[in-house]
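Quick note: the coordinates plus some simple rules give every number you see, no bench work behind them. Small disclaimer: the values here were computed from a predicted structure and weren't measured. Note that we place each Cβ from the backbone using ideal geometry, even for glycine, and neighbour counts take in every protein chain shown.
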Amino acid sequence: MNADGANGKKCEIKLSGVKKTYRMGEVDVPVLHGIDLEIYKGELTAILGASGSGKSTLLNLIGGIDKPSEGKILFQGRDITILEDRELTEFRRKSVGFVFQFYNLVPTLTSKENVQVSTEIADNPMDPVKALELVELGDRIDYFPAQMSGGQQQRVAIARAIAKNPTMMLCDEPTGALDLKTGQSVLKILRKLNSELNMTILLITHSAPIAQMAHRSVHISSGTVEKVEYNEHPPDVEEIAW
């Protein structure tokens, strides 16, 4: 793996010339137009862009949910774009935790049981109770989703993602369905996990204020990287409003 000369961190994910085109009937629709990007170990990176800019497509490619039409994606030096479906499934199972805008919890399972769904497929899982404690829900382990607020349900989803002990966590608009105060509580948890677990986190957002909490903000526009900004002094989450 490469090291960044500026901060000495290891390059965990490297994208080179990544393009993605979808076939819609008889028409090819290009979404990504040659993305070159490096993500470093232990970094909290925001992928910022308007709806339709290609940021969610980019996240899906990094997470092995989809494959690029052209280009390479290296994860810890391994080209995941050439993996077979079975190998991609193994990659996602071992290395990636996903958090989406909607929580996707099983309504008939408690928070602990929802987290256990993830740990049962992992090789070296975290104890579900510990995962819930990390997201400050140690007192809600026996609660069902309907008994919890939206912010609490999203934190259960985060606990489910980290309980696999993944190398990186990919978050697609995790505060999109939440009000300001609740969204801030979720962002505080993400920053805490990044700091305490040295977990690599990619955060998709359309909100420039939210992107300020990251170490770097990668601006995506019309399927290309428009610019990359370093946030030397990210603000406290309580100072962020959107």
- Task: List every residue pair whose Cβ atoms lie under 8 Å apart, where the two residues are 6 or more positions apart in sequence or sit on different chains, the first residue falls within region 64-89 and is without any contact (Cβ under 8 Å) to a residue 12 or more places away in the chain, and the second residue, located anywhere, is part of a strand (DSSP E or B) and aromatic (Phe, Trp, Tyr).
- Result: none
- Note on the structure: Selection from region 151-183 of residues more than 10 Å from the chain's Cα centre (by Cα), over 16 Å from Ala131 (Cβ atoms) and either assigned to a helix (DSSP H, G or I) or aliphatic (A, V, I, L, M) (or both) yields Gly151, Ala177, Leu178, Leu180, Lys181, Thr182, Gly183
- Task: Take region 59-90 and flag every residue that is more than 26 Å from Gln153 (Cα to Cα), in contact with a Lys or Arg (Cβ under 9 Å, 6 or more places away or on another chain) and of a type outside the set (A, V, I, L, M).
- Result: Asp66, Lys67, Pro68, Ser69, Glu70, Gly71, Lys72, Phe75, Gln76, Gly77, Asp79, Thr81
- Exception for Glu90 within (1) acidic (Asp, Glu); (2) surrounded by fewer than 15 Cβ atoms within 10 Å (Cβ to Cβ); (3) within 23 Å of Gly223 (Cα to Cα) falls at (3)
- Message: Just to be sure before I move on: is Thr108 out of contact with any strand residue (DSSP E or B) (no Cβ under 7 Å at 6 or more places or on another chain) and not in a loop (DSSP other than H, G, I, E, B) in the structure I sent?
- Response: no
- Item | Qualifying positions in region 187-224 - buried (at least 21 other Cβ atoms within 10 Å of the Cβ), under 20 Å from Gly52 (Cβ atoms) and among the hydrophobic types (A, V, I, L, M, F, W, C) | Leu202, Leu203, Ile204, Ile210, Ala211, Val218, Ile220
- Query: Within region 40-71, which residues are among the basic types (Lys, Arg), in contact with a strand residue (DSSP E or B) (Cβ under 8 Å, 6 or more places away or on another chain) and over 26 Å from His233 (Cβ atoms)?
  - Reply: none
